[in-house]
Amino acid sequence: MRGEFVDLGGARLYYYAAGTRGSGEPLIFLHGFPTSSHVWRDVVPLVPDGHRVVVVDLLGFGRSDQPLGRDVSIKGHADRVVQLLDSLRIERAAIVGHDVGGGIAQHLAIRHPREHRKYV
């Protein structure tokens, strides 16, 4: 799957999108440590039609830039996920997190409960 980069305050974050913008809620996949978006390669094809899927390489992982002094705390990663979703004009999404991606999802649940109501 071919992805794209988005510049978030001087750091490039890699993501790829799949699926359509149908009636299903968008699904955002967040990997764990020390993996990358590649960990979701066999899961994304199982998502039912009608859902837009966005799979992210967190800063410092996969194809995304190295942190180089940037905040790589759970909060820092969560803030970048929010910036990415804003840049993609995704107002509400279900978040799927594995390992540290689950911690990022928990942070999003606390700080953005109206935008993200479903978590896995």
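The values are calculated or read from the model by the stated rules, or taken from the named source; none is laboratory data. All values reported here derive from a predicted model rather than from experimental measurement. Quick reminder, even Gly has a Cβ in these numbers, built from the backbone with ideal geometry, and neighbours come from all protein chains shown.
Test Val39 against the criterion of being surrounded by 14 or more Cβ atoms within 10 Å (Cβ to Cβ), modelled with pLDDT of 95 or more, under 14 Å from Val96 (Cα atoms) and β-branched (Val, Ile, Thr), and give yes or no. Spelling it out, Val39 is indeed surrounded by 14 or more Cβ atoms within 10 Å (Cβ to Cβ), modelled with pLDDT of 95 or more, under 14 Å from Val96 (Cα atoms) and β-branched (Val, Ile, Thr).
Each residue in region 69-84 was checked for being of a type in the set (A, V, I, L, M), at pLDDT below 95 and touching a strand residue (DSSP E or B) at 6+ places or on another chain (Cβ under 8 Å), and 0 of them qualify. Only one of the numbered conditions (1) in contact with a strand residue (DSSP E or B) (Cβ under 8 Å, 6 or more places away or on another chain); (2) within 19 Å of Glu4 (Cβ to Cβ) is not met by Phe61, and that is (1). Residues of region 95-115 that are within 23 Å of Gly50 (Cβ to Cβ) and surrounded by fewer than 17 Cβ atoms within 10 Å (Cβ to Cβ): Arg114, Glu115.
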